[in-house]
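A quick write-up on the structure given underneath.
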Amino acid sequence: MQTMGRLTEAYQRARVEEFGDDSKYVFLSDVHRGDGSMADEFAKNKNIYIAALEWYHSHGYTYVEVGDGDELWENQQWKHILWANGSPYRRLKRFFDDDRLIYLYGNHNIQLRDPRVARACFDTIPDDLGRPTPFMPGLTPIESLVLRHRATGQEILVVHGHQGDFANDQIWPFTMWTFRVFWKYMHAFGIRSPSSPTRNLFKRHKVERNYRKWILEHGTALICGHTHRQKFPRDGVPYFNTGCCTFPAYITGIELVGDQIQLIGWRIEPDANRYLHVKRRVLAGPEPISAYASPQEPGTPYRPGPRW
């Protein structure tokens with residue numbers, strides 16, 4: 001019941017933003033920007049990620065980072081992450097400057113819920129001469145977001161998804177400590193922590209069952225990350241998972257354009273002349289989000305309407 005209660009709390013405290021036919025959102029999660037070391041799982045996909053951000057910015061999307069963007073469990077000082085990821089952060093700043101950046105924290109950067117930590121990280125950064133220069137002043141990471149359709153009132157809850165996950169929520173300081181002193185070095189050899197639902201199938205299925213139960217009881221669609229497994233509804237229950245940006249040589253996410261929602265992937269592929277290009281592909285959908293407005297039980301059709 002912890003997950004049920006924590007998701008409900010996140011829903012009640014969420015920032016509310018309206019969307020409609022002219023809206024464009026992209027949801028990416030679990031970027032895990034690291035320090036560029038052998039344990040940095042993001043480094044292999046950095047160019048794909050940069051190319052994706054360039055495309056979304058030029059096409060007018062609002063970028064929603066659905067938690068775990070910065071790997072603050074394995075890296076105690078954010079400046080090391082910044083030094084290794086100047087190009088990605090410059091792209092994020094473009095969204096911020098255009099008021100098209102919504103930044104959620106997850107368990108791996110939960111420290112950013114403290115406004116003092118967020119200000120220390122994002123307000124200023126050193127320039128080439130070491131002088132403080134404005135970066136993303138006033139950026140306030142949030143736990144949850146509710147997107148509400150202007151016309152129908154249909155709602156979508158967006159959270160990272162760690163809510164109620166005991167090791168990654170209730171006792172996160174201890175779990176973070178184990179990452180810093182042990183699991184960070186194991187990651188360099190591809191060995192994951194058993195506290196993570198990424199590799200622990202039993203835990204991942206349990207977390208996803210709790211997500212689905214909350215959706216069915218509260219009548220609200222859910223977009224999240226955390227498990228690193230991309231999901232798009234096949235049985236009518238509106239559980240959407242972005243996947244992550246640390247897969248081997250590709251990243252996945254969710255796009256919401258007007259009333260259409262879809263699962264997308266980005267990867268490097270060769271063309272007919274053997275030149276490599278970063279390409280975007282639709283993996284599932286698009287489907288009208290209104291089709292998920294009033295779910296009943298798994299396997300039964302949805303009825304139109306903003307709420308159950």
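Taken as a whole, the stretch 232-254 holds at least one residue that is under 27 Å from HIS32 (Cα atoms), assigned to a loop (DSSP other than H, G, I, E, B) and in contact with a His (Cβ under 6 Å, 6 or more places away or on another chain).
Within the stretch 25-84, the set of residues being acidic (Asp, Glu), farther than 20 Å from GLN163 by Cβ and modelled with pLDDT under 95 comprises ASP35, ASP40, GLU41, GLU74.
Would you check which residues across the stretch 126-148 are over 23 Å from TRP78 (Cα atoms) and out of contact with any Phe, Trp or Tyr (no Cβ under 6 Å at 6 or more places or on another chain) and list them? Before you say what the answer is, go through the steps one by one.
In the first step, residues of the stretch 126-148 are kept if they are over 23 Å from TRP78 (Cα atoms); the result is 145-148.
LEU145, VAL146, ARG148 - these are the residues of the stretch 126-148 that are over 23 Å from TRP78 (Cα atoms) and out of contact with any Phe, Trp or Tyr (no Cβ under 6 Å at 6 or more places or on another chain).
With respect to (1) surrounded by fewer than 18 Cβ atoms within 10 Å (Cβ to Cβ); (2) within 20 Å of GLY243 (Cβ to Cβ), the lone exception for TYR25 is condition (1).
The values are calculated or read from the model by the stated rules, or taken from the named source; none is laboratory data. Because the structure is a prediction, the values reported are computed rather than measured. Virtual Cβ from ideal backbone geometry, glycine too; neighbours counted across all protein chains shown.
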